[in-house]
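*Asks:* First the structure, then my questions, so here it is.
The values are calculated or read from the model by the stated rules, or taken from the named source; none is laboratory data. Because the structure is predicted, anything quoted here is derived from the model rather than measured. Cβ coordinates were reconstructed from backbone atoms using ideal geometry, including for glycine residues, and neighbour counts include every protein chain displayed.
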Amino acid sequence: MQYLEMEAEIEALRRKAQNKGEAVQYKRESYDHVRGYHMKAYQLEDVPKDLDYISVAELLQNEFLPGVAPYEFLKVEKNERQLGWFVTVGKSVTINIVDCPLSAAKT
C-alpha cells in the first residue's frame, strides 16, 4: 500500500507543478489480484444523462482520459439508480499479496 500512497502523492505534486489543480475524485477503487490491475471508477457528474454512448466516449477521449493518465479506459456505463454516467479506468500494478498475513490464514 505504501507504493500506491507514494504514487498518489507524486501525482498530486506533478499536477500542482503543471497548474492542473486537483485530480478528479473517484467513487470506487479496486484491485484484481488475478489480473494485476488497479481500477478506479469515476462518476461523470457534468455529463448530461441523456447523451448516447458514442458522445460520452468522445467526451472521455478528449477531456477526461488525459487527466487520469497513466490509467487507461476500461468501460463506461450508465447507472439509472444513481442517475448518471460512470467510467472505469485501470492500470497494471503488481502487489505481492503472498506475504500478507491474511493470505497465510487461508491456507
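*Asks:* For region 30-42, state whether one or more residues are closer than 13 Å to residue 87 by Cβ and more than 10 Å from the chain's Cα centre (by Cα).
*Replies:* Checked region 30-42: no residue is closer than 13 Å to residue 87 by Cβ and more than 10 Å from the chain's Cα centre (by Cα).
*Asks:* May I pose another question? Which residue is modelled with the highest pLDDT, if the candidates are limited to region 14-68 and must be of a type in the set (Ser, Thr, Tyr) and closer than 25 Å to residue 92 by Cβ?
*Replies:* 42
*Asks:* Also: Any residue that is under 20 Å from the mean Cα position of the chain (by Cα), assigned to a helix (DSSP H, G or I), closer than 25 Å to residue 31 by Cβ and at pLDDT 85 or above - is there at least one of those in region 79-101?
*Replies:* No, region 79-101 has no match at all.
*Asks:* With the requirement that a residue be basic (Lys, Arg), surrounded by fewer than 14 Cβ atoms within 10 Å (Cβ to Cβ) and in a strand (DSSP E or B), what does region 24-68 give you?
*Replies:* Matches in region 24-68: 28 only.
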